[in-house]
Amino acid sequence: MSEASQRPSARVSASTPSVARMNDYFVGGKDNFAVDRDVADQVLALAPEAKAMGEYVEAFRERAVRHLARQGVRQFVNIGVGLPTERNVHSIAQSIAPESQVIYVADDPVALNHSRALLATNERTGVVEGDILHPDELVADPVMRRLIDFEQPVAVLIFGGTLQYIPDDEKPQEKVARLRDLLAPGSHLGLTHAVFDNRPDIRDAISDIFRKALGRPTGAPRDREQALRFFDGLELVEPGFVYVRQWRNDAYVSHSEIERAWVMAGVARKPHA
């Protein structure tokens, strides 16, 4: 049986919105509350394309994990995991390399409970309660250590809304850099991040919705150049940090459709010294 962190989870609240449950609603899931749907509907009223963007991020996740597994990566840490879907990181990676080890990291109680139930019979997976703002604690977690060898390359995946909702005064870029420093050369970082370079008309309104819903009174949305800083010290793999539908997508997508999905995506490698 796979193992999960024994730290107690925060109590599930039906009155406080959750990014994980909102993302579940965006992709047509049922594991969300009225408060999640209310905030998500406010976003959709301004940007109906947000619903499809959740699906584009899931498609990028599959392409990225397949690429990494085919490059020989056998250890994956998925931080800020949402609710389970049919094509989770472990199912994608293990379909290519059954020996792949996968840890999911979440701080949402519903996501934690669902992940633990899903992974109970998979010995090469585990669930850790935590977040990107505490990288040293994550790496030291006994469940993490049982499955992940940080002396060997690891792919750290931070998808969905994990980074874009953390204001700069909480130093998310420094926390990602600290985690990068704890990884072995040859490790990878894959992430997505919403930007508003092409949608200045909704920038402030969308930001206000999330600030109020998530109780984060500070912080402004990042543009592409600011989000790109999360890759400092790493080498981006082709095609670089691009709109999510551009990243190694074999299907043709018009330029106008590419930019309608205002989420950037990329994968980068930690070089050898």
With N set to the number of residues, divide the alpha-carbon radius of gyration of region 39-180 by 2.2 N^0.38 Å and report two decimals. 1.06
Zone reached by a paramagnetic label modelled 7 Å from residue 208 Cα along Cα→Cβ, restricted to region 42-78 with backbone N below 14 Å, covers 42-43, 46
For a quick protection proxy, order the peptides 244-257, 44-57 by their average other-Cβ count within 10 Å, most packed first. 44-57, 244-257
Please give, to one decimal in nm, the separation of the simple spin-label points placed at residue 122 and residue 182, each 7 Å out from Cα toward the Cβ. 2.2 nm
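Please list the equivalent ellipsoid semi-axes of region 26-100, computed as the square roots of five times the alpha-carbon gyration tensor eigenvalues, in descending order and whole angstrom.
30, 13, 9
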Distance in nm between pseudo-label sites at residue 70 and residue 272 (7 Å out along the Cβ direction from Cα): 2.4 nm
Cα-based convex hull, the chain, per residue volume (Å³, whole number): 121 Å³
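Can you compute the helix-only [θ] at 222 nm over the chain? Use -39500 (n - 2.57) per DSSP H run of at least 4 residues, normalise by all residues, nearest 500 deg cm²/dmol.
Calculated mean residue ellipticity at 222 nm is -11500 deg cm²/dmol.
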Grab the Cα-Cα distance for residue 257 and residue 197, subtract it from 0.36 nm times how many residues apart they are, and report the gain in nm with one decimal. 20.1 nm
Per residue, the convex hull enclosing the alpha carbons of region 82-147 has a volume in Å³ of 85 Å³
Extension length gain for residue 174 and residue 250 (0.36 nm per residue less Cα distance), in nm, is 23.9 nm
Mean shadow of region 200-255, computed from the convex hull of its alpha carbons, in nm²? 5.8 nm²
The pairs in 30/51; 30/175; 175/270; 30/171; 51/175 lying past 23 Å Cα-Cα in this model are 30/175; 30/171; 51/175
Once Lys and Arg are counted +1 and Asp and Glu -1 for all other residues with Cβ under 10 Å from that of residue 242, the total becomes +2
When DSSP beta bridges are limited to those with both residues in the chain, what percentage is antiparallel, rounded to the nearest 5? 35 percent
Mind ranking 117-128, 99-110 by how tightly packed they are, going by the mean number of other C-beta atoms within 10 angstrom, highest first? 99-110, 117-128
Farthest toward the dipole's positive end in the chain, which of 271, 155, 125, given Cβ charges of +1 (Lys, Arg) and -1 (Asp, Glu) about the Cα centre? 125
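What's the extension gain from residue 236 to residue 136 if we count 0.36 nm per residue and subtract their Cα-Cα distance?
Numbers: separation 100, 0.36 × 100 = 36.00 nm, distance 2.41 nm.
Value of the extension gain: 33.6 nm.
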Within region 139-273, the percent of DSSP beta bridges that are antiparallel, given to the nearest 5, stands at 75 percent
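Quick note: the coordinates plus some simple rules give every number you see, no bench work behind them. Since we're looking at a predicted model, the values are computed, not measured. Note that we place each Cβ from the backbone using ideal geometry, even for glycine, and neighbour counts take in every protein chain shown.
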